[in-house]
Amino acid sequence: MKTAARIALVLLLATPLAAQRPLRDPDARTTLSGVVVDALRGDALPNSMVLLADEKRGMLTDSLGRFSFPDTQFGPQLLAVKQYGYEEVNLDLDLLEGHGPVRVELRPRPIALEGFAVVADNLAAMYRQISNRRNAYGHSARAIPQASLTASSARSVIDLLQTRGGLQLRRCGSLRAGPGGSAAGQCVLRRGRSVLPRVYIDEVRIIGGLEFLAMFRPYELYLVEVYSSGLEVRAYTHWFVERMAERPLQLWPIGL
């Protein structure tokens, strides 16, 4: 009996540790929830962008800084969190049975040291500028806000614009862009004609138009506007919004 016990012990010790652990059920799911707060004050940070990178899902925190991802797979998960005026945080999580809520603390950059209200006021001023300009436009105009962009599972902004922005795309064929216009490639279909759109990113007109915009994932943008069924498309990156949070700038008028 002693010999058999020794043999069993040797076999157990020789077995790799990973093989001794019970395998996780690949179909098991959980809810990943948490809160995003200011690391210095502990104040909740509403409208923070939270991305579950491995599952390509995102959302904005609520008014109390809370977020929740139902139907999340156990195991390793990368959680990326961003708020304007704060340093971005990437957390490597390992979700196990019985895990609790996640508390994410963001360190303020110099702009946020005077209080999150300064950042929020500047962002609100910028958003009012954009909204007022869009509302004053005399033709059709659509906006896809940050919440929809963050939550979208579309592969690119162009895919999202076809479902949410009303764009009908077709190849431009022999069309060529005029000075400063889009390169021939993707056009929009408007009133039965293929038209080269004007594409602006961060208020700068882009050569390459829709093909350049297609390189962005929806969550990489703060806002996208579509004018006149795609004759003009304007997109704003988080880098641009970060600058506007520091000091709102005067926007250019619509170029149509």
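General remarks:
- Nitroxide proxy distance, nm - points 7 Å out along Cα→Cβ at GLU97 and ARG247: 5.7 nm
- Summing +1 for each Lys or Arg and -1 for each Asp or Glu among the other residues whose beta-carbon sits under 13 angstrom from that of LEU78 gives -3.
- Dividing the convex hull volume of the alpha-carbon atoms in the range 188-242 by its residue count gives 73 Å³ per residue.
- Cut-off 15 Å between beta-carbons: net charge of the residues surrounding ASP92, Lys and Arg +1, Asp and Glu -1: -4
- Sequence of ARG109, ARG217 from largest to smallest accessible area, 1.4 Å probe: ARG109, ARG217
- Distance between the modelled labels on ILE207 and ASN132, one decimal in nanometres: 3.5 nm (7 Å Cα→Cβ projection).
- Our estimate of slack between ARG191 and GLU88, defined as 0.36 nm per intervening residue step minus the Cα-Cα distance, is 32.7 nm.
- Paired Rg and Dmax values of the range 56-151, which use every Cα atom, in angstrom: 17.2, 56
The values are calculated or read from the model by the stated rules, or taken from the named source; none is laboratory data. Owing to the predicted nature of the structure, the values given are computational and were not obtained by experimental measurement. Cβ: placed from backbone, ideal geometry, glycine included. Neighbour counts: every protein chain shown. When the accessible area is computed, the model is the full protein with side chains, heavy atoms only, and any ligands, DNA or RNA have been set aside. Shrake-Rupley method; radii C 1.70, N 1.55, O 1.52, S 1.80 Å.
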